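Contents: one structure, followed by commentary.
Each reported figure results from applying straightforward, stated rules to the coordinates on display, with no laboratory input. Quick caveat, the model's predicted, so the values are computed rather than measured. Positions of Cβ are backbone-derived with ideal geometry, glycine not excepted, and every protein chain shown enters the neighbour counts.
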Amino acid sequence: MRRHFVTGLRANRINGLRYCAPLLWAALLAGVVGGLEVGGRTQQRQAGGEERAEQDYQNMTSGERAASTRAFLGLGAIPDKAAALRGATHFAQNCGACHGKDARGAMGPSLVTSDLVLTDEHGQQLSAFLKKGRPEKGMPAFATLSHQQMIDITEFLHLQVENVANRGSYKMLNILVGNALNGKAYVEARCMTSHTAETFAHIASKFRSPEQLQRNWIWPARYGTLTAKVKTPEGTFSGWLKQISDFRITLVDRSGKTHTIDRGPGVDVQMSDRLAGHQEIIMTLANDDMHDVTSYLETLK
């Protein structure tokens, strides 16, 4: 059952793989907690679980992220990199002129989005296809290739799909390219109105890598940052915002108790977002400022 399910997922990606992969990556990293009323329209989002899942994903190693993304996309077996390396040579000699050295397409079509490649299981379909070819469409047969060479070519092709689809396997290069002194000046000018020096004490030691540090200072975890005070005829309730709509609001107070309040006459809702300052920064944050601040914060260990 699992094998057929995974194969079906592959087939569904055939025509839109290059577009779906970034969207799926965005979905993996999505998960804004709570809800907001914006311009009179109501946006409701599930609270808590998605935010924690986002943080868990961000805190994974690159290998763990790749495995998680692989499972999410239904990419099947991990390509054999040793076989793919051998297959790269065979592919270049026999297929590269038509399909490009990375199978992205040249005179012939890209094989990264080929249904035959995406639905192949360990070379079973592809090796049979390579033996026969498709002469009527200009695809010659490669009957002289050994079975192992064909398997190596299929592993090479699966690795190309992996490289395109699995965004979790991407590795960050060195991002500490900014000026730490300029970053310090930026923090003192833009951040100290909302934070104290204790906020930044040893901040770099709280994150596994500079890219995690950069991601989190630009847009920290939203879990629990939206708060509200609701005044009703029965009393006043305060806590972090779990959900809000035109009809009711749900809060969780400091004791962990949940309060759901109907938004009727005499009910006044005041909301506060601790990340409002970060929202403002994002709108004007320059690339140099981002690198400068990250380089400065990385010195605070």
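A protection proxy built from the mean count of other Cβ atoms within 10 Å ranks the segments 206-215, 155-164, 236-245, most packed first, as 155-164, 236-245, 206-215.
Put simply, the amide H of Arg263, placed in the peptide plane, has neighbours under 5 Å in Arg248, Ile249, leaving out anything fewer than 5 places away on its chain. Annotation: aspartates and glutamates with alpha-carbon distance below 17 angstrom to Lys184 (same-chain offsets under eight excluded): Glu198, Asp288, Asp289, Asp292, Glu298.
Compute the relative contact order of the range 226-273 as a whole-number percentage, counting only Cα pairs closer than 8 Å that sit 6 or more residues apart in sequence. Intermediate values should be presented prior to the final figure.
Numbers: 92 pairs, mean separation 19.3, N = 48.
40 percent.
If the cut-off is 23 Å between C-alpha atoms, which lysines fall inside it for Lys229, apart from same-chain ones fewer than 8 positions away? Cross-link targets: Lys242, Lys257. Mind checking which lysines have their Cα closer than 20 Å to the Cα of Lys101? Skip sequence neighbours fewer than 8 apart in that chain. The reachable lysines, counting only those whose Cα sits under 20 Å from Lys101, are Lys81.
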